[in-house]
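Okay, structure first, notes after.
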Amino acid sequence: MSVRDADSESGLADIAALAEHLRLVTVEVTDAGALLGSGVLWPAGRVVTNAHVVRRPEVSLRLADGRSVRARVVARDTDVDLALLDIPEIGVPAATLAEPETVRVGSFVAAVGHPLGVRGALSTGIVCAIGPIGRNGRSWIQADLHLAPGNSGGPLADAAGRIVGVNSRAAGSLALAVPVSVVARFVQEARG
Amino acid sequence: MNGLQGLSNDLAAAVERAGRAVFSVAGRARLGSTGVHWRPGLVVTADHTVHVDEEVTITGPDGRALTARVAGRDPTIDVAVLKVDAPGVPVAEVADSSAVRVGHIVLALGAGPRASWGVVSSLGEGRMLHLDLTLYPGFSGGPLVDAQGRVVGINTSGASRHWQLAIPAAAVNRVVDELQRRGRIPRAYLGVSTQPVRLPELVRQRLNLDQQTAVIVVEVQSGSPAAAAGVTIGDVIVSLGTTRITDPTDLKSALRPDRVGESLTASVLRGGEPKDLQVTVGERPRRG
């Protein structure tokens, strides 16, 4: 197939570069040394993770460069499974967000997180569907991609490394991510 | 744009292109399945997902619900063909499945469209494609699509618990050709019941057989093609035509609908001695 044949070298380099880029904007959320999940360095010096990852007002974050910082939970919404954390100035560029609704069914996506404590693990796949699971409920980005405990709160990114969602949970072998548009609205409203 | 973004765009475009010819099929009580507009007015799906015998509701990519009729089935390869009047729904672009190689990137589509991806992991016995990808609930009967959005097969999770399989487009074409030629899909049969049997090492060596197993005839229906050919209980069928028969499934998949009326050589062992019998594949009488 020409797509793979023509691009196999550059394609593989792209995936390695993509993984490296995403690791820099992914943090480990911990409490008293225990791994709770992952988080994304969001623009304007904030961190976004899942509500189910942070159940206390304060947690620790381990950055990709090994530094640890304290973070304060400033907003938490269990309906959308999102939490916004305040962190001190760390001097690390934040993630780039994708324009809402730019991923399509079939688009390549990558997730980085700390599944089962494995630091900065990459998984790749494609968007399987965008919409609710079953007839009702909220819209998810459903990705044909493997997630495990520890991925929660980490980034789901497109082929250019732009954030398209925040990984929330697995449904069977599907990964469910909160779409970036929902995350952006949550962050906007949390700021007031 | 980097190579990965190009691949991503190609995959999304392939889903969009192939998805235009994809139906959701409500052929069983709980979980629906997927179908492909294969030729004008003919939708192909997985036979094991169609529990009804006559009318079935299918929903097009535009959301329109249509009534389709079961026009024929070939359970030997898990294909059912539905007849429907579906103006405005494009027909899938079907590719030459013999060009599919191990390692090719493929997409599986479910109605919606939904999609998963992976590679062809092996070209299996019985002409099936083995896939390294996830067939999500409802994906059975949907198209296996190459990176250009062309249909190379029909996915089925029904044939095996251990493998994700696709029926190659060429095999589907054969079934659809039969349907269009005869107006129905005949069911080929010999009229025997068989069980797997291990071939003794001495017999294998003496007759230069490289297969470990074959099937033993435990019943011959009277008046059947097998009876007419002189097959008797206790015969061990080693091959039929050019197909090695190592278990009853091999025999079943050798009896394709387009084989009806064909004369094949059945190589059997009778009392440990090889014997060739000419058998004319018959059409199983229809029930009711």
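What follows draws every value from the coordinates through simple rules; no lab data is involved. Nothing here was measured: the structure is a model prediction, and the numbers come from that model. We place every Cβ from the backbone using ideal geometry, glycine too, and count neighbours over all the protein chains shown.
Provide, in order from the shortest bin, the percent of all Cα-Cα pairs of the stretch B:135-203 in each 5 Å bin, continuing until the bin that contains the maximum pair distance.
It works out to 3, 13, 14, 15, 16, 16, 10, 7, 5, 2, 0, in whole percents.
Just report the Cα centroid separation between the stretch A:91-123 and the stretch B:208-283, whole Å.
Each part's Cα centre sits 56 Å from the other's.
Under a Cβ-only charge scheme (Lys and Arg +1, Asp and Glu -1), can you give me the dipole magnitude of the protein assembly as shown about the Cα centre, in debye to the nearest 20?
Roughly 880 debye, rounded to the nearest 20.
With all pairs of different alpha carbon atoms counted, what Kirkwood hydrodynamic radius in Å does the stretch B:217-288 show?
12.6
Neighbour counts of other C-beta atoms within 10 Å: give me B:Lys252, B:Lys275 arranged from fewest to most. Could you put the intermediate results ahead of the total?
On the way: B:Lys252 17, B:Lys275 13.
Final ranking by Cβ density, sparse to dense: B:Lys275, B:Lys252.
In terms of the ratio Rg/(2.2 N^0.38 Å) built on C-alpha atoms, what value belongs to the stretch B:17-113?
Here the answer is 1.06, to two decimals.
Give a residue-ordered list of calculated ³J(HN,Hα) values for the stretch B:194-199 (Karplus: 6.51 cos²θ - 1.76 cosθ + 1.60, θ = phi - 60°; whole Hz; x for Gly, Pro).
After applying 6.51 cos²θ - 1.76 cosθ + 1.60, I find 9, 9, x, 9, 7, 7 Hz.
At what distance in angstrom do the alpha carbon centres of the stretch B:140-206 and the stretch B:69-122 lie from each other?
Rounded to whole Å, the Cα centres lie 13 Å apart.
Can you figure out the FRET efficiency of B:Gln211 with B:Thr232, using R₀ = 22 Å and their beta-carbon distance, to the nearest 0.05?
0.55
Stokes-Einstein at 37 °C, 0.692 mPa s, Kirkwood radius from Cα pairs: D for the stretch A:42-99 in µm² s⁻¹?
274
Would you mind ranking B:Thr134, B:Thr34 so that the residue whose beta carbon has the fewest other beta carbons within 10 Å leads the list? Write out the running numbers ahead of the final one.
Working: B:Thr134 20, B:Thr34 29.
In increasing order of surrounding Cβ atoms, one gets B:Thr134, B:Thr34.
If we count other beta carbons within 10 Å of each Cβ, what is the order of B:Asp10, A:Asp79, A:Asp144, A:Asp86, fewest first?
A:Asp79, A:Asp86, B:Asp10, A:Asp144
What three numbers, in Å, describe the spread of the alpha carbons of chain B along their principal axes, ordered from the longest?
Principal axes ranked by extent give 67, 48, 31 Å for the Cα atoms.
Using amide H atoms built in the peptide plane, which far-off residues or other-chain residues are under 5 Å from A:Ala171 H to H?
Close amide H contacts, sequence-distant or interchain: A:Leu176.
Could you work out, for the stretch B:142-288, what percent of all Cα-Cα pairs fall into each 5 Å distance bin, beginning at 0 Å and stopping at the bin that holds the largest distance?
2, 9, 15, 19, 16, 15, 12, 7, 4, 2, 0
Quote the Stokes-Einstein diffusion coefficient, in whole µm² s⁻¹, for the stretch B:75-228, based on the Kirkwood radius over alpha carbon pairs, a temperature of 4 °C and a viscosity of 1.567 mPa s.
In µm²/s, the coefficient rounds to 72.
Counting other C-beta atoms within 10 Å, and keeping those with at most 15, which DSSP coil trypsin sites (Lys or Arg not before Pro) do you find in the stretch A:52-111?
In loop regions of the stretch A:52-111 (DSSP not H, G, I, E or B), the sparsely surrounded trypsin sites (Lys or Arg not before Pro) are A:Arg55, A:Arg67.
Run the numbers on chain A and let me know its relative contact order in percent, using alpha-carbon pairs under 8 Å that are six or more apart.
20
For the stretch B:79-155, take every pair of Cα atoms, bin their distances at 10 Å starting from 0, and report each bin as a whole percent.
Final binned percentages: 18, 51, 26, 5.
Against the longest principal axis of chain B, how steep is helix B:3-19, in degrees 0 to 90 to the nearest 10, with axes from Cα atoms?
That works out to roughly 80 degrees.
How high is the relative contact order of the stretch B:117-230, in percent, with contacts defined as C-alpha pairs under 8 Å that are six or more residues apart?
16 percent.
How large is log10 of I(q)/I(0) for the stretch A:37-181 at q = 0.09, 0.13 Å⁻¹ when the intensity is taken from the Debye formula with one equal scatterer per alpha-carbon?
Summing over Cα pairs of the stretch A:37-181 leads to -0.24, -0.52.
Enumerate the calculated ³J(HN,Hα) couplings along the stretch A:50-61 in order (Karplus 6.51 cos²θ - 1.76 cosθ + 1.60, θ = phi - 60°), each rounded to whole Hz, writing x wherever the residue is Gly or Pro.
Once rounded to whole Hz, the list reads 8, 4, 6, 7, 10, 10, 10, x, 9, 9, 9, 10.
Given contacts defined as C-alpha pairs under 8 Å and at least six residues apart, what's the relative contact order of chain B, whole-number percent? Working shown, then result.
Numbers: 695 pairs, mean separation 41.0, N = 288.
Normalised by residue count, the contact order of chain B is 14 percent.
Over the stretch A:86-142, what per residue volume does the convex hull of the Cα atoms give, in whole Å³?
161
Quick check on the protein assembly as shown: helices-only [θ] at 222 nm, where DSSP H runs of length 4 and up contribute -39,500 (n - 2.57) each and the sum goes over total residues. Nearest 500, please. Walk me through the numbers before you get to the answer.
Details: 7 runs with 85 residues, N = 480.
Mean residue ellipticity, 222 nm, calculated: -5500 deg cm²/dmol.
What shape does the protein assembly as shown take by its C-alpha gyration tensor, where a ≥ b ≥ c are the square roots of the eigenvalues and a/c under 1.5 counts as rounded, a/b above b/c as prolate, and the rest as oblate?
prolate
How much length is gained if the chain between B:Ala29 and B:Ser263 is pulled fully straight, taking 0.36 nm per residue apart and subtracting their Cα-Cα distance, in nm to one decimal?
80.2 nm
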